[in-house]
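Trainee: Dropping a structure here in structure tokens format, bear with me for questions.
Read-outs: derived from the displayed coordinates by stated rules, not from any lab. Everything numeric in this text was worked out from a predicted model, so none of it was measured. Please note: Cβ atoms are built from the backbone with ideal geometry, for glycine as well, and neighbour counts cover all protein chains shown.
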Amino acid sequence: MKIVGMQLIAELDGCSSELLNNAPKLQEILTAGILHSGLTQVHICSKEFQPIGVTVISIIAESHVSIHTYPEARHASVDIFHCASDCQPLYTLLDFLKSSLGARTAKHLQIERGSTLELSDDNFITSPANRGFEVRYQLERRLFKRNSPYHLIEVIENKAFGRMLFMDGDLQFSEKDVDIYNKQMLAPLLEGEFLPRKIAILGGGAGNVLQALLKLPVEEVIVVDIDELVPEICQKYMPAVCSDAFEDTRAKLLIQDANIFLQQNHDFDAIICDLTMKPNSLTSPDKEPFMDNIFIKIAASLKQHGLLTFQCDSVYNLKAKELIRETLVPSFTDISFRSAFIPSYSEPWLFGFAKKSFLTKR
């Protein structure tokens with residue numbers, strides 16, 4: 001059974017004792033919050049307990065919301081259930097309640113409801129443990145969280161790394177050290193015999209590599225990304241990373257599957273492959289035909305001796321490097337790899353470079 005709803009359970013501390021013992025006012029606040037978050041209230045009721053405490057329950061068209069208060073402890077327990085995969089209305093409502101009740105601190109868990117019970121500690125984001133360890137990133141503030149048709153996209157603020165972009169729980173980059181990532185992606189182009197003029201970036205909708213590339217005297221850059229929400233969110237919440245790169249007259253953004261884009265005739269001097277990959281995606285046997293197919297298409301879209309640069313995965317994914325090398329060999333030459341430690345990843349990351357083989361058929 002697929003996910004049938006999203007639920008937030010929150011504990012709010014340091015709230016106004018007076019508000020927490022006022023049933024009519026709590027109903028008013030909850031009604032206003034539901035309207036503010038775009039949800040639809042069907043019915044609301046409350047119960048005052050003796051000697052102290054209130055429970056307020058709202059039936060909404062999407063499911064329910066409840067608040068149970070402990071005025072003597074200045075504490076409120078909140079439950080928000082929404083029968084959809086979009087988390088944003090829940091967080092909008094929770095933020096409204098925190099502000100309206102004067103909460104000083106708040107802790108909350110996200111629960112995915114369905115055939116399995118998945119808990120997420122929303123004071124942290126934990127990266128998947130695929131290489132024998134995991135990394136937890138503390139949230140100073142959550143700026144955005146929503147499911148697109150392709151990814152769960154999150155933007156947070158972290159004390160050490162600034163604003164950070166996550167997709168499906170995987171860190172994409174942070175403001176603090178995105179320049180390290182960009183430099184490694186572009187280094188092979190800068191070290192070649194000539195600087196490419198016409199370039200494509202596959203999966204570059206975040207705009208970070210594009211922004212770095214546009215500092216060079218390139219003539220045309222086409223960015224291809226399947227998820228239209230990614231550039232929208234990055235321009236709004238991470239302007240330090242992508243700035244106004246998409247407004248540059250040399251840049252063109254296409255919302256399209258990279259495989260479909262590469263089916264057309266192109267003559268690029270270079271292609272930067274920045275497609276999102278889960279940590280173990282390249283080690284699964286069913287991924288081999290996909291990788292073969294994408295690299296063949298990339299080769300066909302490059303000029304003779306055109307350049308390919310790409311990110312692989314963690315250096316601890318031992319199978320990824322050899323699998324990529326094997327899939328590149330039929331169409332590319334001068335295949336090489338380099339690694340760089342990226343602090344926000346907490347591990348070295350592997351980058352690759354190759355040149356289209358003279359023997360590759362168009």
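Trainee: How large is the helix-only mean residue ellipticity at 222 nm for the chain, computed as the sum of -39500 (n - 2.57) over DSSP H runs with n ≥ 4, divided by its residue count, in deg cm²/dmol to the nearest 500? Let's see the in-between values first.
Mentor: Numbers: 10 runs with 91 residues, N = 362.
Result for the chain, helices only: -7000 deg cm²/dmol.
Trainee: Can you give the net charge of the other residues whose Cβ lies under 13 Å from the Cβ of Gly33, counting K and R as +1 and D and E as -1?
Mentor: Numbers: positive: Lys25, Lys98; negative: Glu28, Asp95.
Overall, the nearby charge balance is 0.
Trainee: Rounded to the nearest 0.05, what FRET efficiency is calculated for Ser346 and Phe194 with R0 set to 22 Å and r the Cβ-Cβ distance? Intermediate results must be reported in sequence, preceding the final value.
Mentor: Working: r = 36 Å, r/R0 = 1.66.
Computed FRET efficiency for Ser346 and Phe194 comes out at 0.05.
Trainee: Going by amide H atoms built from the backbone, whose H comes under 5 Å of the H on His64, apart from near neighbours?
Mentor: Result for His64 returns Phe81.
Trainee: What ³J(HN,Hα) values, in whole Hz, does the Karplus curve 6.51 cos²θ - 1.76 cosθ + 1.60 give for region 184-198 when θ = phi - 60°, with x put for Gly and Pro?
Mentor: With coefficients 6.51, -1.76 and 1.60, one gets 5, 5, 9, 3, x, 6, 6, 8, x, 6, 8, 8, x, 9, 10 Hz.
Trainee: State whether region 178-356 is rounded, prolate or oblate according to the following rule on the C-alpha gyration tensor (a ≥ b ≥ c being the square roots of its eigenvalues): a/c under 1.5 gives rounded; otherwise a/b larger than b/c gives prolate, and the remaining case gives oblate.
Mentor: rounded
Trainee: Using Cα atoms only, what is the angle between the long axis of helix 23-36 and the major principal axis of the chain, expressed in degrees (0 to 90) to the nearest 10?
Mentor: Helix 23-36 and the main axis of the chain meet at about 20 degrees.
Trainee: Summing Lys, Arg as +1 and Asp, Glu as -1, what charge do residues with Cβ under 12 Å from the Cβ of Asp13 carry, Asp13 excluded?
Mentor: Numbers: positive: Arg74, Lys98, Arg104, Lys107; negative: Glu11.
Around Asp13, the surrounding residues sum to +3.
Trainee: Past 24 Å, Cα to Cα, is the threshold; run Lys25/Lys159; Lys183/Lys356; Lys145/Lys319; Lys176/Lys236; Lys183/Lys252; Lys107/Lys176 against it and keep the listed order. Working shown, then result.
Mentor: Numbers: Lys25/Lys159 36 Å; Lys183/Lys356 22 Å; Lys145/Lys319 32 Å; Lys176/Lys236 18 Å; Lys183/Lys252 21 Å; Lys107/Lys176 26 Å.
The answer is Lys25/Lys159; Lys145/Lys319; Lys107/Lys176.
Trainee: May I pose another question? Computed from the coordinates I sent, Cα Rg over 2.2 N^0.38 Å equals one of (1) 0.98; (2) 0.93; (3) 1.18. Tell me the label.
Mentor: Recomputing Cα Rg over 2.2 N^0.38 Å here picks out (3).
Trainee: While we're here: Apply 1/(1 + (r/R0)^6) to the Cβ-Cβ distance of Lys303 and His43, taking R0 = 56 Å, and write down the FRET efficiency to the nearest 0.05. Don't skip to the answer; put the middle values down first.
Mentor: Working: r = 66 Å, r/R0 = 1.17.
Efficiency, from the Cβ-Cβ distance: 0.30.
Trainee: Using the Karplus curve 6.51 cos²θ - 1.76 cosθ + 1.60 with θ = phi - 60°, what ³J(HN,Hα) values do you get for each residue of region 260-268, in whole Hz, with x for Gly and Pro?
Mentor: Each residue of region 260-268 in turn: 5, 4, 6, 6, 7, 7, 9, 9, 8 Hz.
Trainee: Here is a follow-up. From the phi angles alone, apply the Karplus equation (6.51, -1.76, 1.60; θ = phi - 60°) to region 158-165 and give each ³J(HN,Hα) in whole Hz, x where the residue is Gly or Pro.
Mentor: After applying 6.51 cos²θ - 1.76 cosθ + 1.60, I find 10, 4, 7, 10, x, 7, 10, 9 Hz.
Trainee: Let me ask another. Estimate the FRET efficiency between Lys183 and Lys107 by the formula 1/(1 + (r/R0)^6), using the beta-carbon distance for r and 35 Å for R0, to the nearest 0.05. All intermediate terms of the calculation are to be shown ahead of the outcome.
Mentor: Values: r = 38 Å, r/R0 = 1.09.
Working from the Cβ atoms, E equals 0.35.
Trainee: Further question: Sort out for me the Cα centre separation of region 21-56 from region 308-362, rounded to whole Å.
Mentor: About 56 Å separates the Cα centre of region 21-56 from the one of region 308-362.
Trainee: Please list, in chain and number order, the residues 5+ apart from Cys312 or on another chain whose amide H is under 5 Å from its amide H, with Hs placed from the backbone.
Mentor: Leu350, Phe351, Gly352
Trainee: What is the spin-label model distance, in nm, from Leu216 to Leu152 if the labels are put 7 Å beyond Cα along the C-beta direction?
Mentor: 3.6
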